[in-house]
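Single-structure report; data block below.
The values are calculated or read from the model by the stated rules, or taken from the named source; none is laboratory data. Bear in mind the structure is a predicted one, so any value in this text is a computation, not a measurement. Cβ: placed from backbone, ideal geometry, glycine included. Neighbour counts: every protein chain shown. To get the accessible areas, we keep the full protein, side chains included, count just its heavy atoms, and leave off ligands, DNA and RNA. Shrake-Rupley method; radii C 1.70, N 1.55, O 1.52, S 1.80 Å.
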Amino acid sequence: MTGLFRKMPKSTLSIVLLLTAWRLAAEGVLLFRGVPFPTPEETFLRLLELLAGKNLAGHSLYVHLFSSLRRWATGFAVAAASGVLYGLAAGRVRALERATSEIPQFLLLIPGLAWVPVAILLFGIGERATLFMIAVSAFAPIAVSVLGGAKNVDTRLLRAAQMLGAGEGTLFFHVFLPATLPSILSGLRIGLGTSWRVLVAAEMVVGSGTGLGYSLIQARWTLDYASSFACIAAICLIGFFFERVLIRRLERGTLDRWAPVSEKG
Amino acid sequence: MIVLERVFKSFPLDDGRSEPVLSDLNLTVSEGEFLAILGPSGCGKTTLLNLIAGFTAPTRGRVLFNGTEIDRPAPERAVVFQDAVLFPWLTVSRNIAFGLKLQGLKGKNLDEKVSRYLAIMGLTEEDGAKYPHALSGGMSQRVSLARVLALKPKALLMDEPFSSLDVDTRERLQEELLRLWAARRTTVIYVTHSVEEAAYLADRVLLLGPSPGRARTVPVPLKRPRNRRSEEFLATKEALRGGFPEPLCCATFRHSPHLEGGFRP
Ligand SMILES: Nc1ncnc2c1ncn2[C@@H]1O[C@H](COP(=O)(O)OP(=O)(O)OP(=O)(O)O)[C@@H](O)[C@H]1O
Ligand SMILES: [Mg+2]
């Protein structure tokens, strides 16, 4: 039995447990509250129907998916670029760090949805408000992580490079940047999760007309809970995909080769 | 030739005062000389080496290399750090290539030179493909030597390079260092805790006492190759131990295991 457990990938076990808990919750809700609660099977079937082209809040699932992804990619790209650049710059320039390093710390404390009034005042209801919320929420964790890494680059590495003949450019691109890469990747990973969650929440609130968050709420209004759940599942799967496939692959190509996790302690 | 003229170095303390580490230090190291710097922990050995490397500037006084004041690190004054300080994101070969590339070497010439220095330091081509995390302490130190020797430095500054290695590895690397030094007549400044190491390697020993401003140099009157078990060798060790410029307040220091050439705690 334990042998079987060990052979399965870690995520399989988690998924099985999660589905079991969901199943039990569905039975429980039906039994005690008398309300139908979409089971994993129903949700899965609905997801298949939606994938087959069933209408959801006026569009196909693909339209919602695509518009969520486009929003997310734009917002995240802005956050990633500004967060990484800011973190690197503040890590190199003492004065900039002293003047600004608390700002991302403050931003970090603001929950994504708290930006709704700010976003609407700044941009009105619509696309740009959503993008603003994504970008501003993902900026903070990326900036904090990159700055932390950039500040803690081992001076001995920089000295070693200098004594081997490195000038400012080499020092930055061939020492400072790779030395900061672990923090950049972990910042991006956190920012990715943050921005994805904020995107869905923003779509639910700002009324974007399309998107997974928007259709999740619309389906709920029409009491089509199975579709709501299918949207949640889609959101979750896509987030998981980004985290695992994109970030993990980047890490595997870099950090893991430099120092495999098993040896870091 | 390396010349220190009335060098004074202090570090600011938190309470606004400053702590002198080196005071009024005069030293001339001639070309091709092997100088050891010997002294208890905290007496300023690394501080002194950093001045010559150009990592830090003296508070007062001048540090000259072949007549010009040292104001920055450069490959002509190569450094071997206590714990190698290789770039973890580069393979061994690329670590060795780092400085060579900055000297404009590329393509086949570069590859050949890297291979040659791998071989000189007793490393295989397979070792060359490894990342630093996969190396033993001794191998790391070989790489760290290879990457600077490849640059044909005029002076080699070594900060307790072999002190964290086991006795066998340390003695083997000491032999290889002496062989390379004899072949190339590079000036070597070698920081150590160990009287034995100083007596075995150096032409002359700079004894740095625990209080600043009390330093003197003592020649090592032994022919090479030296025998660690000979009468003269033991007598030289005693003379070095007794030669410190002040009664070593720390009787503990005289009898400390560091100075017996044993392991560091
Ligand atoms: N950057 C620094 N800032 C403040 N104090 C420093 C700094 N570098 C060294 N010191 C102080 O200068 C003194 C000498 O330090 P140094 O590292 O040169 O000693 P060391 O002889 O190399 O010792 P060890 O054998 O333990 O390596 C110590 O008291 C240390 O606290
Ligand atoms: Mg030291």
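Worth pointing out:
- Between B and A, accessible area buried - total, square angstrom, nearest 100, 1.4 angstrom probe: 2000 Å²
- DSSP beta bridge pairing in the protein assembly as shown, given as percent antiparallel to the nearest 5: 55 percent
- Spacing of the modelled spin labels on A:ARG94 and A:LEU108, each 7 Å from Cα toward Cβ, amounts to 2.3 nm.
- Average beta-carbon neighbours from other chains, 10 Å sphere, peptide B:96-102: 4
- For chain B, DSSP calls about 55 percent of its internal beta bridges antiparallel.
- Distance from the C-alpha centroid of the range A:40-113 to that of the range B:63-78: 51 Å, rounded to the whole angstrom.
- Label-reachable residues, the range A:188-225, where backbone N falls under 15 Å from a point 7 Å from A:TRP22's Cα toward its Cβ: A:225
- Gyration tensor (alpha-carbon) shape descriptor, the range B:106-171, a/c threshold 1.5: oblate
- For chain B, modelled as a GNM whose springs connect Cα atoms under 10 angstrom apart, the maximal fluctuation among B:LEU156, B:LEU207, B:LEU165 occurs at B:LEU165.
- If R0 equals 56 Å, the separation of the Cβ atoms of A:LEU30 and A:ALA81 corresponds to a calculated FRET efficiency of about 0.70.
- Hydrodynamic radius (Kirkwood) for the range A:54-264, which is based on Cα pairs only, to one decimal in Å: 18.7 Å
- Only DSSP H runs of four or more residues enter the estimate; each adds -39500 (n - 2.57), and after division by the residues of the protein assembly as shown the mean residue ellipticity at 222 nm equals -17000 deg cm²/dmol.
- Computed from the C-beta positions of B:ALA129 and B:GLU171, the FRET efficiency with R₀ = 35 Å rounds to 0.80.
- Taking every residue in A:177-190 and counting other chain Cβ atoms within 10 Å of its Cβ, the average works out to 1.
- Legend: helices of chain A (whole DSSP H runs) are marked when their alpha-carbon atoms reach 27 angstrom or more along the helix axis and their mean Kyte-Doolittle hydropathy is at least -1.0; marked are A:10-33, A:61-92, A:127-151, A:177-206.
- Counted residue by residue at 0.36 nm each, then reduced by the alpha carbon distance between them, the extension gain from B:ASN66 to B:GLU232 reaches 56.3 nm.
- Principal semi-axes of the equivalent ellipsoid, √(5λ) from the alpha carbon gyration tensor of the protein assembly as shown, are 62, 26, 21 Å from largest down.
- Helix B:92-102 and the long axis of chain B differ in direction by around 80°, with both axes built from C-alpha atoms.
- Alpha-carbon centroid distance for the pair the range B:81-145 / the range B:1-55, whole angstrom: 30 Å
- Calculated FRET value between B:PHE11 and A:GLU49, using beta carbons and R₀ = 45 Å, to 0.05: 0.05
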